[in-house]
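Only one structure is covered here, and it is reproduced in the block below.
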Amino acid sequence: MKLTRSFTLEELTHTSTGLPNAPSAEDAARLADLASTILQPIRDYWGGVYVTSGYRGAEVNNKVGGSPTSQHCKGEAADIKPLEATCEQVFKWIVKASGLCYGQCIWEKKGGKEWLHVSLPRKDKPNNQRLTYDGKEYRPYAG
């Protein structure tokens, strides 16, 4: 099922855990919003973007060690890996120049890997939150 011109529901729900990972209609609607307002503009500007983790049902989230309150569980967040640019380049573009409205943009590095976490704006928490994560601690990005 196409959510935008180049994102599908399957792309945002795939999992390597072997567990079922089907979103509710409400979660799928939020995934469509995430895809159209955040992910598609990133892909349009930077080209290839691989979604390493999108929607996570409760079992999948538990299996991967995700927070029980993760926006991934509501279809509001995705972890992405740019294919034609560095995480640093895309992160700086998102937080400084893109004009995108987001909940969090986190440049994460752990175990020799790196990716970007992007999420929809949140109703009861700070938005346009710019963070880095080194595998141990989240820090505000001041750059």
- May I ask you to list the residues in the stretch 6-16 that are in contact with a helix residue (DSSP H, G or I) (Cβ under 9 Å, 6 or more places away or on another chain), open to solvent by 30 Å² or more (accessible area, probe 1.4 Å) and part of a loop (DSSP other than H, G, I, E, B)? SER6, THR15
- Message: Quick test for you: out of LEU3, LEU31, pick the one residue that is over 17 Å from ARG130 (Cβ atoms), surrounded by 18 or more Cβ atoms within 10 Å (Cβ to Cβ) and in contact with a Phe, Trp or Tyr (Cβ under 7 Å, 6 or more places away or on another chain).
- Response: LEU31
- Item | The one condition in (1) touching a residue at least 40 places away in the same chain (Cβ under 8 Å); (2) in a loop (DSSP other than H, G, I, E, B); (3) open to solvent by 60 Å² or more (accessible area, probe 1.4 Å); (4) more than 30 Å from ALA25 (Cα to Cα) that CYS101 fails to fulfil | (4)
- With the checklist (1) open to solvent by 30 Å² or more (accessible area, probe 1.4 Å); (2) at pLDDT below 95 in hand, flag the one item THR132 doesn't pass. (2)
- Item | Top-ranked residue of the stretch 75-93 - restricted to ones that are of a type in the set (A, V, I, L, M, F, W, C) and open to solvent by 10 Å² or more (accessible area, probe 1.4 Å), ranked as farthest from ASP27 (Cα to Cα) | ALA85
- Pairs only if they're at least six apart or on different chains, beta carbon under 7 angstrom, first in the stretch 1-20 and under 12 Å from ASN61 (Cα atoms), second among the polar types (S, T, N, Q); list them, first residue then second. THR13/ASN21; THR15/ASN21
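The values are calculated or read from the model by the stated rules, or taken from the named source; none is laboratory data. From a predicted model like this one, the values you see are computed outputs, not experimental measurements. Every residue, glycine among them, receives a Cβ derived from its backbone with ideal geometry; neighbour counts consider all protein chains shown. Note: areas computed on protein heavy atoms with side chains; ligands, DNA, RNA excluded. Shrake-Rupley method; radii C 1.70, N 1.55, O 1.52, S 1.80 Å.
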